2 protein chains.
Amino acid sequence: MSTPIHPVILCGGSGTRLWPLSRKDRPKPFLPLVGEQTLFEQAVGRVGGDDRFAAPIIVAGSQHIDLIEQQLGPASGNRLVVEPTAKNTAPAIALAAALLDPDAIMLVCPSDHHIADEAAFRAAALAAAELAREDWLVAFGIAATRPETGYGYLQRGEPLAGGYRIARFVEKPDRARAEEYLASGEYSWNGGIFAFRAGRLLEEVKTHRPEMARLVVQAVETGREAGPRFLPAAEPFEAIHGDSIDYAVMENTDRAAMVPAAMGWSDIGNWAALQDALASVADGSGNVARGQIDFDGCRGVMALSDGPRVSAVGLEDVCIVVSGDEVLVTTREGAQRVGKLPGASGQ
Amino acid sequence: MSTPIHPVILCGGSGTRLWPLSRKDRPKPFLPLVGEQTLFEQAVGRVGGDDRFAAPIIVAGSQHIDLIEQQLGPASGNRLVVEPTAKNTAPAIALAAALLDPDAIMLVCPSDHHIADEAAFRAAALAAAELAREDWLVAFGIAATRPETGYGYLQRGEPLAGGYRIARFVEKPDRARAEEYLASGEYSWNGGIFAFRAGRLLEEVKTHRPEMARLVVQAVETGREAGPRFLPAAEPFEAIHGDSIDYAVMENTDRAAMVPAAMGWSDIGNWAALQDALASVADGSGNVARGQIDFDGCRGVMALSDGPRVSAVGLEDVCIVVSGDEVLVTTREGAQRVGKLPGASGQ
């Protein structure tokens, strides 16, 4: 058996479009959006109980460490890397890489999305790890199912063992292009899940973002352990010019690869996406209820309440969310705008 | 100057279609639906400060007497008739008639509707009183503005001084007939507002509902005063077979008349009707807000909240009501079904 894969779980993602459930002090990863577990718990669970995966490294901001330790439970054996400040994904991933053996294979997993088919996820992870051992920088390519304009797209190039070279990255195409990509069958969505050999990833950061690499290494070398927590030094880390792993590395390297992954992925980017992810628990009219909900003549309505009863009459394709002192009622199309509401932005 | 008109204010109307704002312990007449005052306060105010009207007699169930005294304020000079039990409008009106001088002109005013034009109301009241003095039983005929199927209709017959004989009563016609009536121009809505000479009204009840008349008179004769309250005897009153004044008297008498009244009347029969009654305070997109409400891309939406903020996105022709532990979201068409919701009927 080969050495285990080291999951690196990123805890970013504020989920402002999932306001009013997602709030600053309890953002999207820490909410039980699909099923009983939070997205973060599910991310940890997906790589647990399987000796092909080591105990994960969790990278998170200090403001969420308490939530994380609560949700992980006692003595989990996980390592927590506490970011002194949020600097986007490239520094977070580089931090984890610098803490691992250069030959360790790391699997970068965001915790703000849902994956329905965990077996498919693990199969893709193993295929990605194989490519990463050969020093490919491997992205998961999510099978595109609609002309989504909010995601990054990966164009498949020449075949590799278990995957493809990435011919091109396209970030958030317009609608016409997204439709072209979907029709062509050559494009996948970039799901933000990656496999790297830790040493290779650091070398790539050094090549394309040398100052970032230097500061990350310095933050790790002058950081300190505190029980299960590792605290990188704040001063060098805060000096980093933040960037995403896509911009900093993936779009610059000549070793970008992808593994196709059809695994029921959803980034649960807004309330309409959550409704879709909950389709299996919808009633015969496509209505989804959580809490005390009465539907009368509704179709395709999702209603969630943490307390008050919600009575919905005659509605179609509407999402209703009652959370604390906030009530949101939005059409499915309007769901995309929720993050800009006074309530969501004024928290 | 002729003797003053005696307003008789009826306090029925549960308003279950205005749930969750209207509840058993605070039904429709006692809610400030349009403006700062409750419908009941407005009903009293419409006949106040004008010496052509005497202090009103208020007929109400015992469960609402406290609310009424609260809303009337101290030393109002009104007389409160406490119904031992609800028996529909005919016995309530007969009670008031039995307490008045036979020659007194009574003006029966429900307190569960809104009248925008009070001057037009008073003008119609004076015209109705003139006919009542000539022993006509006079209904207010509300100018019909849509083919409403939920109301009673009055067909105008031969002209009288200031009004018309009523040729025919039609209760809740179907849609096709309602459209015919509207097109014909011969029909008005029965607004439930009436003028009678008290003695004549009692004689008519005696003629068409002799047992009801006997029991009402007995309840008054054996009733008692308690400060401003008059308490009819419970035993005879409870023995009454309840009925509406329309069925018991108006449809049977040969002296039914009507005065036309174009006075911005609305029975505020459901949330959509309230939204219409609040059109003057709507924003440029036809949205009406009460409480802390944020609209984003909405048209024709009404949102009322007694606490939580409501954020509404992309909706059209929807009513949102947040009241206590209940949240209602309904289309305008659905508003008619609100009274049948588990929440509304299960109180």
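The numbers here are math on the coordinates, done by the rules we state, and not lab data. Treat the numbers as computed from the prediction; the structure is a model and nothing was measured. All Cβ positions, even for glycine, are placed from backbone atoms using ideal geometry, and neighbour counts span all protein chains on display.
See the values below:
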read-out: Assigned charges on the beta-carbon of Lys, Arg, Asp, Glu; segment A:106-204 dipole about Cα centre (debye); value: 40 debye
read-out: Calculated label separations, residue A:222, copies of the chain, 7 Å along the beta-carbon direction, nm; value: 9.9
read-out: Principal axes of the protein assembly as shown: Cα extent on each, largest first, Å; value: 106, 50, 39
read-out: Assigned charges on the beta-carbon of Lys, Arg, Asp, Glu; the protein assembly as shown dipole about Cα centre (debye); value: 40 debye
read-out: Summed side-chain charge close to residue B:82 - residues other than residue B:82 whose Cβ falls under 15 Å, Lys, Arg +1, Asp, Glu -1; value: -2
read-out: Peptide B:334-342 - average C-beta neighbours from other chains (10 Å radius); value: 4
read-out: Flagged links, alpha-carbon separation over 30 Å, of B:87/B:340; A:340/B:340; B:172/B:206; B:172/B:340; A:87/A:172; value: A:340/B:340
read-out: Pairwise centroid distance, computed over Cα atoms, of segment A:220-297 with segment A:88-149, Å; value: 12 Å
read-out: Charge sum, other residues only, whose C-beta stays under 12 Å from residue A:317's C-beta, Lys/Arg counted +1 and Asp/Glu -1; value: -2
read-out: Per-selection Kirkwood Rh - segment B:271-345 (Cα, Å, 1 d.p.); value: 12.4 Å
read-out: Selected from B:86, B:8, B:328, residue furthest toward positive end of dipole (chain B; charges at beta carbon); value: B:86
read-out: Helix-only CD estimate at 222 nm, as mean residue ellipticity for the protein assembly as shown, using -39500 (n - 2.57) per DSSP H run (n ≥ 4); value: -7500 deg cm²/dmol
read-out: Cβ neighbours within 10 Å from other chains - mean over B:301-310; value: 3
read-out: Net dipole in debye of segment B:257-347 [+1 Lys, Arg Cβ; -1 Asp, Glu Cβ; about Cα centre; nearest 20]; value: 140 debye
read-out: Relative contact order of segment A:239-347, pairs being alpha-carbon contacts under 8 Å that are 6 or more residues apart, as %; value: 16 percent
read-out: Quarter of Cα convex hull surface for segment A:87-215, i.e. mean projection, nm²; value: 8.4 nm²
read-out: 7 Å along Cα→Cβ, label-point gaps from residue A:3 to other copies, nm, shortest first; value: 10.8
read-out: Phi to ³J(HN,Hα) by Karplus 6.51 cos²θ - 1.76 cosθ + 1.60 over segment B:134-145, Hz, x for Gly, Pro; value: 8, 6, 7, 9, 10, 9, 7, x, 7, 4, 6, 10
read-out: Overall Cα dimensions of segment B:5-266 - principal axes, largest extent first, Å; value: 51, 41, 35
read-out: Cα-Cα pairs of segment A:190-235 separated by more than 17 Å (percent); value: 50 percent
read-out: Other protein chain Cβ atoms within 10 Å, averaged over every residue that makes up B:169-180; value: 0
read-out: Segment A:5-266 - percent relative contact order, Cα under 8 Å, separation 6 or more; value: 25 percent
read-out: Relative pair counts by distance (%), Cα atoms of segment B:1-84, 10 Å bins; value: 17, 50, 26, 6, 1
read-out: Net charge of Cβ neighbours under 11 Å - reference residue A:154; Lys, Arg +1; Asp, Glu -1; value: -1
read-out: Listed residues A:256, A:241, A:278: farthest to the positive end of the dipole of segment A:218-304 (Cβ charges); value: A:278
read-out: Inter-label distance for residue A:65 and residue B:171, nm, one decimal - labels placed 7 Å from Cα along Cα-to-Cβ; value: 7.5 nm
read-out: In Å, descending, principal axis extents of the Cα set of segment A:209-347; value: 61, 37, 31
read-out: Label 7 Å beyond Cα on the Cβ vector: residue B:242 copy-to-copy distances, nm; value: 6.5
